[in-house]
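These notes concern the structure reproduced below.
The values are calculated or read from the model by the stated rules, or taken from the named source; none is laboratory data. Please read all numbers here as calculations on a predicted model, not as lab measurements. All Cβ positions, glycine included, derive from the backbone under ideal geometry; neighbour counts span all protein chains shown. The protein model used for the area step is the full one, side chains on, heavy atoms only, and it has no ligands, DNA or RNA in it. Shrake-Rupley method; radii C 1.70, N 1.55, O 1.52, S 1.80 Å.
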Amino acid sequence: MNSFLSSYHEICIPNQILESGCSLLVDNEERECYFTSKTDRFSYFNIAGNDELLGKNLVLVYDGKEEHVDVTKLALLLNFDEIYAVDEELGPICYDDYTVFRLWAPFASKVVLSLDNKQYELRRLDRGVYEIRVDGDLDGKLYHYDVVINGKKHRVTDPYAKSSNANAKESAVINLKRLLSGFVNVPVEKTFSKLKSTIYELHIRDFTIHKGTNIVHKGKYLGLTEENCHTKENHPCGIDYLKFLSVSHVQLLPVLDFGSVDEESSGYNWGYDPISYFALEGSYSTNPNDPHARMAEFRQLVDSLHKNGIRVNLDVVYNHMYQGEKVNLNIITPHYFFREENSKLANHSWCGCDFASERKMARRLIKESIDFLMNVYDVDGFRFDLMGLIDLDTIKEVTSLILSHKKDALIYGEGWDMNATGFRNEKFATMKNSHELPDVAFFNDTYRDIFRGHGSHAKLDDLGFLLGNKDYLDGFKFAYLGSSENLTFPKLFDHPNQSINYVECHDNATIYDVINESTEDMDALRLVKLFNKAIMCSVGIPFIHMGQEIGLTKHNQRNTYNLGDYYNQMDYSILDQRFEMAQSFRHYVLARQNADYLDNLDLDKVSFTSPKDGILIVTWEGEKSYQYCFNVTDKQYALENEKGFYNYSLMNNGSPQNVIYLPPFRCTYLLKD
């Protein structure tokens, strides 16, 4: 295609076509055009009339040929949103006796609904909205659209549909009122401040797929609803294990429908390749061809976690979509929903396409997705994948929306600077803009690198403080306080509740593998406990990856997004071997929840002393005083206990000792009433 609309009533035609003469047909009627300007390659003409050209067939006739004029480049005009963005509810709006189908397709000249082996042509309304009402109870019915753009027909599913059948071959009509009538919101009785929360990251399949449990619905949404389940050694598993750990929040890797797994067969993926921002992933459902099943089962999962005192955060991927050029949004509205650079989809996400969150309809889609997930599934918070690719204003609006639903929601994401450029050179939700997002937390890679060391592979480029690098002593103080004080380095955040403190997540190597590959002759499990304890006593929001508490391995692999169960599953046989580590971690979580100084944090009450190289004592003064004693040397250290602290684990064993012995590579908790 060579000719295109360069403005709403201007056509751009290659000069070589003009040499042979041409005419423009608008809905099969010839239309006059008036020359305005010319370049070396193109000539520009105003098109007579003041009618709307979008929604009509524009055909250029020359040399006995007919060529459809490309109308889609109008999406690149700065005022396109002003003219075509809409507020109407989109998607199938299902009532008991009729459904309204509504699609935003401003470049389409025709939209046809295929439903129950019947075709219905939609009527074009203002601003490119197509609509039709179909009578009858259509709950659960499957459908798709045929959309004609630039003379070509495209078969597409509905990007605003709330569910689908297996592999999203068809969209599904859902009567939400009827679906939700079977559920009542389950309040979470326990409440914690942000700083007393603990986030536990897991993948739906990984957490319940292991053969060594009696969980019935392994790898499914329902697997996380089954109570009274156990391992071969009779230890808790699944939801009972989460309850045992006493974590306040579970973060689920993406559950919105992703395109890389055959839902009717088998396959594995983390899910960072979304094809919908409303429909759920079908491979986790007991019946992926029943569009109601995945919705009801996921709602049961959330309600079950709530009943057990655990809140649910969703990992959402609003920075890109799977195969951007082929996704329905891009087919229906080309050049709009994804950023472009040099006439190609921008790829700062390294996933092929960057979502243009700054565009009005794209921002609206994100907000409606969030609103839907909170209204229908009652989820509690969100982790934004590659949040640094989402524009600042969108995250601000999304934050207000989330907090309007749940004022104690956790909102956080990856604030890396991805060098993105928005449609109007917008600012992005990166860590350097954290001061503009006081209610948003960020994964603190400075914390990770100082505690653990630099590097994304199992073998680190250099070792961090907890692995014995004493040069990081001052940096450790900075990281320990959530990088929120000008201490050694300029502060990253205005408050520690903006710091997600972590040393391991689903990405990259596990801390167990890092220790084994980066150190020699060191007890890896002892060090894993040190890391976990250090995270749980740091200031900020602690984040733990599934299995980190017991030192799980990914066999020295880092990006295991599609490598399957062997590399990714929660290995309950290891839990049976190391249950003492899980018990210890539970004590760390409970100790944090009982730490009074986190309720009304005052950083003036914390002090650091280092009586010897490799020894750091962190003291919090108050009605109850706390000490966290770090020994990152290979020798035991005798600490003079001048202030009468108790060893936290020995509190009920009599009077405080005059000397407390700090074992090598361990963090010792001390307390004074």
**OP:** Name every residue in the stretch 525-553 that is open to solvent by 10 Å² or more (accessible area, probe 1.4 Å) and either charged (D, E, K, R) or farther than 30 Å from PRO274 by Cβ (or both), in order of residue number.
**Re:** LEU525, ARG526, LYS529, LYS533
**OP:** Can you tell me which residue within the stretch 558-568, out of those that are out of contact with any Lys or Arg (no Cβ under 8 Å at 6 or more places or on another chain) and in contact (Cβ under 8 Å) with a residue 60 or more places away in the chain, is least open to solvent (accessible area, probe 1.4 Å)?
**Re:** GLY564
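Yes/no per residue for (1) more than 20 Å from ILE544 (Cβ to Cβ); (2) touching a residue at least 24 places away in the same chain (Cβ under 8 Å); (3) out of contact with any Phe, Trp or Tyr (no Cβ under 9 Å at 6 or more places or on another chain):
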residue: GLN577; (1), (2), (3): no, no, yes
residue: ASN594; (1), (2), (3): no, no, yes
residue: TYR597; (1), (2), (3): yes, yes, no
residue: SER607; (1), (2), (3): yes, no, no
residue: ILE615; (1), (2), (3): yes, yes, no
residue: LYS624; (1), (2), (3): yes, yes, no
residue: CYS629; (1), (2), (3): yes, yes, no
**OP:** Might you let me know whether the stretch 366-389 holds any residue that is out of contact with any Leu (no Cβ under 8 Å at 6 or more places or on another chain), part of a loop (DSSP other than H, G, I, E, B) and among the β-branched types (Val, Ile, Thr)?
**Re:** no
Subject >> Any chance ALA85 is open to solvent by less than 10 Å² (accessible area, probe 1.4 Å), among the small types (Gly, Ala, Ser) and at pLDDT 95 or above >> reply: no
**OP:** Kindly indicate whether any position in the stretch 533-541 is more than 21 Å from GLU485 (Cα to Cα) and over 25 Å from the mean Cα position of the chain (by Cα).
**Re:** yes
**OP:** Give the residues of the stretch 147-174 that are open to solvent by less than 30 Å² (accessible area, probe 1.4 Å) and more than 22 Å from SER283 (Cα to Cα), sorted by residue number.
**Re:** VAL147, VAL148, ILE149
**OP:** Specify the residue that is most open to solvent (accessible area, probe 1.4 Å); the eligible residues are those in the stretch 403-434 that are closer than 25 Å to MET536 by Cα and either in a helix (DSSP H, G or I) or touching a residue at least 60 places away in the same chain (Cβ under 8 Å) (or both).
**Re:** ASP408
Subject >> Checklist (1) surrounded by 24 or more Cβ atoms within 10 Å (Cβ to Cβ); (2) out of contact with any helix residue (DSSP H, G or I) (no Cβ under 7 Å at 6 or more places or on another chain) applied to THR399, failing item >> reply: (1)
Original post:
Among the candidates GLY482, GLY455, which residue alone is in contact with a Ser or Thr (Cβ under 6 Å, 6 or more places away or on another chain), farther than 21 Å from LEU253 by Cβ and not polar (S, T, N, Q)?
Top reply: GLY482
**OP:** Within the stretch 121-137, work out how many residues are under 30 Å from VAL69 (Cβ atoms) and either among the aliphatic types (A, V, I, L, M) or loosely packed, with under 15 Cβ neighbours inside 10 Å (or both).
**Re:** 7
**OP:** Would you mind stating whether GLY614 is open to solvent by less than 30 Å² (accessible area, probe 1.4 Å), of a type in the set (Gly, Ala, Ser) and more than 26 Å from PHE543 (Cα to Cα)?
**Re:** no
Original post:
Since LEU78 meets every condition but one in (1) touching a residue at least 12 places away in the same chain (Cβ under 8 Å); (2) open to solvent by less than 80 Å² (accessible area, probe 1.4 Å), which condition does it not meet?
Top reply: (2)
**OP:** Run down GLU89, GLU82 and say which single residue is assigned to a helix (DSSP H, G or I) and out of contact with any His (no Cβ under 8 Å at 6 or more places or on another chain).
**Re:** GLU82
**OP:** Please name all residue pairs, on different chains or six or more residues apart, with Cβ atoms under 8 Å, provided the first residue is in the stretch 659-673 and is without any contact (Cβ under 8 Å) to a residue 40 or more places away in the chain and the second residue is outside any strand (DSSP E or B) and exposed (fewer than 13 other Cβ atoms within 10 Å of the Cβ).
**Re:** TYR661/GLN636; PRO663/GLN636; PRO664/ASP634; PRO664/LYS635; PRO664/GLN636
Original post:
Going by the structure shown, is ASP385 open to solvent by 10 Å² or more (accessible area, probe 1.4 Å), closer than 20 Å to LEU280 by Cβ and in contact with a Pro (Cβ under 8 Å, 6 or more places away or on another chain)?
Top reply: yes
Original post:
Out of GLY271, GLY324, which single residue is modelled with pLDDT under 95 and open to solvent by less than 10 Å² (accessible area, probe 1.4 Å)?
Top reply: GLY324
Original post:
Can we say PHE207 is more than 24 Å from the chain's Cα centre (by Cα) and aromatic (Phe, Trp, Tyr)?
Top reply: no
**OP:** Output the qualifying pairs, or none if there are none: Cβ atoms under 7 angstrom, residues six or more apart or on different chains, first residue in the stretch 333-350 and without any contact (Cβ under 8 Å) to a residue 24 or more places away in the chain and part of a strand (DSSP E or B), second residue surrounded by 16 or more Cβ atoms within 10 Å (Cβ to Cβ) and among the charged types (D, E, K, R).
**Re:** PHE338/ASP354
**OP:** State whether the residues of the stretch 307-324 include one that is farther than 23 Å from VAL147 by Cα and assigned to a helix (DSSP H, G or I).
**Re:** yes
Original post:
What is the residue count in the stretch 104-115 for residues that are open to solvent by less than 10 Å² (accessible area, probe 1.4 Å) and touching a Gly at 6+ places or on another chain (Cβ under 8 Å)?
Top reply: 5
Original post:
Taking the stretch 206-245 on its own, how many of its residues are open to solvent by less than 20 Å² (accessible area, probe 1.4 Å) and more than 23 Å from GLU281 (Cβ to Cβ)?
Top reply: 3
